[in-house]
Amino acid sequence: MSTSIKPTIRPPDPFDGSAEARLQRMGLLAADGTINEAVLSVFIQIFAASFFDNLCDAHSDREHLEQIAEAFSELAGRNDPLHIYLLISLQYDALRRPLPDPVWWLAGCSPVRNRFSIGFAQTLVQMVSGINHPKEGIHHETVPRGPQ
C-alpha cells in the first residue's frame, strides 16, 4: 500500500513577500513600488475614523480619549511610525477587536506602514480635538434629515 503525501499550501502572510502585491491590488502601491498618496490618504481617513468610532463606543469620557490621542500625538511628534503602528495594535487589543486585515498587511511594507502610521496618528488627534471644537456643519452623532 502506497501513501502519498500531499503538500499543504499555507495562506500567504505579510512577511512572505506577498505584502507588496497585496498593497498593489489595494491601490496603495503603484507597479513601480511608489506609494499612491491619494489612495493612502483615503485609507488613512477610513481606518482612523473607524478606530475613532470604536474608541468613542468603548469610552464615554473625553479625558480617556484625550489621553489616547496624546500618546499618538507624542509618537507622531517624535516621528516614530513603528511605535505608532504598535500602539494602534495595542489599542485594538484593549478594545478586544482584531487589527483590521488591511492594516495588518501594511506590516510587510515599511514605507507604506510608516506613512500610514504618521497619517493615522495625525488624523486621530484631529478627530479627538474636534470633539471639543466641532467644525460648523459637522454633526458627530446626528444629522438633520431636512424638511419634514
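The values are calculated or read from the model by the stated rules, or taken from the named source; none is laboratory data. Computed from a predicted structure; not experimentally measured. Note that each Cβ is placed from the backbone with ideal geometry, even for glycine, and that neighbours are counted across all protein chains shown. Accessible surface areas use protein heavy atoms only, side chains included; no ligands, DNA or RNA. Shrake-Rupley method; radii C 1.70, N 1.55, O 1.52, S 1.80 Å.
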*Output the number of the condition that C109 fails; it satisfies all remaining conditions of (1) loosely packed, with under 15 Cβ neighbours inside 10 Å; (2) at pLDDT below 95.*
(1)
*Could you identify the single residue in A21, A49 that is at pLDDT 95 or above, in a helix (DSSP H, G or I) and open to solvent by 20 Å² or more (accessible area, probe 1.4 Å)?*
A49
*Answer yes or no as to whether R78 is modelled with pLDDT of 95 or more and more than 27 Å from G27 (Cα to Cα).*
yes
